[in-house]
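J.: Okay, handing you the structure first.
The values are calculated or read from the model by the stated rules, or taken from the named source; none is laboratory data. Since this is a predicted model, take the numbers as computed values, not measurements. Here Cβ is always computed from backbone atoms with ideal geometry, including for glycine, and neighbour counts include all displayed protein chains. Please note that ligands, DNA and RNA were not included when accessible areas were found on the heavy atoms of the full protein model with its side chains. Shrake-Rupley method; radii C 1.70, N 1.55, O 1.52, S 1.80 Å.
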Amino acid sequence: MKLSLYEVAKVVEAQNSISEFDDVPLKQIEFDSRKIEKGDLFLPLKGARDGHDFIETAFENGAVATFSEKEISGHPYILVDDCLLAFQKLAHYYIEKMRIDVIAVTGSNGKTSTKDMIEAVLATTYKTYKTQGNYNNEIGLPYTVLHMPDDTEKIVLEMGQDHMGDIHLLSEIARPHIAVLTLVGEAHLEFFGSREKIAQGKIQIVDGMDSHGILIAPGDPIIDPYLPENQMVIRFGENQEIFVNSIQEEKTSLTFTTNILEGPVTLPLSGKYNATNAMVAAYVGKLLAVADEDIIEALENVKLSKNRTEWKKAKNGADILSDVYNANPTATRLILETFSDIPLNEAGKKLVLLADMKELGESSVSLHSDLLANLDPQLIDHAIFYGQDIEELSQLAGQIYPAGKVAFFKKDQEVDQMAEMGAYLQSILKPEDQILLKGSNSMNLDHIVNLLTGDQH
């Protein structure tokens, strides 16, 4: 991190005189006192515990200075009204100081995969850094910026939203040159009330852009009223400026062509939606003068962040498609479509385990029930449901599936039938079968994955 103590104090407009302290170079900035190393600047944030309680620990671990919202003695410190706001202001300054090109990515589904693909494409030509893990909020984004290597030329920042205004704040901090919106779905519908409001929140990704910025967005008419008038907007999808021509899908890969690349691309991933994500990543690469051959090679060798869609092997040899990190109706429909289309051994059958999708608000039960359109007894032999809001869907599925092919296990504040469900799955899953597991992270379907695979760590 190319910052000194005096420089930081000036940027955040420190309320105290720091001339009594030595101006020293700062190694990193950390808000976890346990991660502090010699030469670091400590950032005490207020969460479940007040970070100010750990200032002494931070100095014991090697901190050379700390932010603080109150006067302290015995240590170099930078006095501010709000440590988080100072942190965000510093990140904004650092992007401008380092002259970094920022590519911002948001969306109800696919933003992490798209971020990973963009980083892979750009890394063929530039020193590139990206959001690590799920550091995509008001703390994680500035942390990512201030932890990028000193020689970074391009940074790919994921932006998440739980409430209206979240993306606006992140865009104002990052000032992206290129912004990508992958998809507008129903994620966090409980907090937004409508898909239109979600779209309005997502389009705030352009709020920090100047007039030369470029927005890449789907050809979904729901975003049309919110599109900026003073920005270049590139739409993707059917009958749009960039589009996928053809897709051939296998169990663990897919091959596609697009109008923006010469020749096909074979991704080491399943899911037709990943062809769209890869196409968008390729277009970002082309905007930044990455050669086609480098784009194709990067996509064909891309590695995505963990905890996403992943094939695993059950103890008995059955194939498990685990997608238990998160869930919303759009993402669930997409993975059901992919799973239904994957080739299957003639002797085997396909099973799905669907769990509750959280944060859908008053429409939760009906949004779960709408998934019936994606459950075809001719393609998916057996449907298992787990949760509370999903119970109505299980009843509807029972009307189109043969007897014995639908099962429901309850999970609410009083009852949790996960153990019974695990035993049931073990009794019906055969070595030649394929099973998809999909649900919100809080439904803990990873426990079922571990039970089936025998990985109990």
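J.: How do the pairs read when you match residues in region 416-444 that are outside any loop (DSSP other than H, G, I, E, B) with residues anywhere that are open to solvent by 70 Å² or more (accessible area, probe 1.4 Å), using Cβ under 6 Å and keeping only pairs 6 or more apart or on different chains?
T.: Partner pairs satisfying both residue conditions: ASN441/ASN326; SER442/LYS358.
J.: Step by step: first the residues of region 430-451, then only those that are open to solvent by less than 10 Å² (accessible area, probe 1.4 Å) and among the hydrophobic types (A, V, I, L, M, F, W, C), then the one that is nearest to LEU344 (Cα to Cα). Which residue is that?
T.: ILE435
J.: Moving on to the next point. Which condition number in (1) crowded, with 19+ Cβ neighbours inside 10 Å; (2) at pLDDT 90 or above; (3) under 21 Å from ASN109 (Cβ atoms) is the one that GLY271 fails?
T.: GLY271 satisfies every listed condition except (2).
J.: How many residues are open to solvent by 70 Å² or more (accessible area, probe 1.4 Å) and either more than 18 Å from VAL8 (Cα to Cα) or of a type in the set (D, E, K, R) (or both) if we restrict to region 24-80?
T.: Going through region 24-80 one residue at a time, the tally reaches 15.
J.: What about GLU293, is it out of contact with any strand residue (DSSP E or B) (no Cβ under 8 Å at 6 or more places or on another chain) and open to solvent by 60 Å² or more (accessible area, probe 1.4 Å)?
T.: Against the criterion (out of contact with any strand residue (DSSP E or B) (no Cβ under 8 Å at 6 or more places or on another chain) and open to solvent by 60 Å² or more (accessible area, probe 1.4 Å)), GLU293 qualifies.
J.: Taking into account only those residues within region 400-416 that are in contact with a helix residue (DSSP H, G or I) (Cβ under 9 Å, 6 or more places away or on another chain) and open to solvent by 30 Å² or more (accessible area, probe 1.4 Å), which is nearest to LEU344 (Cα to Cα)?
T.: Here the answer is LYS405.
J.: May I pose another question? Exactly one of (1) open to solvent by less than 10 Å² (accessible area, probe 1.4 Å); (2) part of a helix (DSSP H, G or I); (3) free of Cβ contacts under 8 Å to residues at least 60 places away in the same chain is unmet by GLY208. Its number?
T.: Result: GLY208 fails condition (2) only.
J.: Follow-up question, since we're still on this one. Among residues belonging to region 340-371 that are charged (D, E, K, R), part of a loop (DSSP other than H, G, I, E, B) and under 20 Å from GLU186 (Cα atoms), point out the one that is most open to solvent (accessible area, probe 1.4 Å).
T.: The qualifying residue most open to solvent (accessible area, probe 1.4 Å) is LYS358.
J.: Six or more apart or on different chains, Cβ under 7 Å: which pairs go from a residue in region 372-400 that's in a helix (DSSP H, G or I) to one that's buried (at least 22 other Cβ atoms within 10 Å of the Cβ) and among the small types (Gly, Ala, Ser)? Could you list them?
T.: Cβ pairs passing all conditions: LEU372/ALA397; ALA397/ALA383.
J.: Please work out which one of (1) without any contact (Cβ under 8 Å) to a residue 40 or more places away in the chain; (2) open to solvent by less than 50 Å² (accessible area, probe 1.4 Å); (3) more than 16 Å from GLN28 (Cα to Cα) is the condition VAL102 fails and give its number.
T.: Tallying (1) without any contact (Cβ under 8 Å) to a residue 40 or more places away in the chain; (2) open to solvent by less than 50 Å² (accessible area, probe 1.4 Å); (3) more than 16 Å from GLN28 (Cα to Cα), VAL102 fails exactly one: (1).
J.: If you don't mind, there's one more thing I want to ask. Among SER73, SER33, SER68, which is farther than 22 Å from LEU170 by Cβ, among the hydroxyl-bearing types (Ser, Thr, Tyr) and touching a Leu at 6+ places or on another chain (Cβ under 9 Å)?
T.: Going through SER73, SER33, SER68 in turn, just one is farther than 22 Å from LEU170 by Cβ, among the hydroxyl-bearing types (Ser, Thr, Tyr) and touching a Leu at 6+ places or on another chain (Cβ under 9 Å): SER68.
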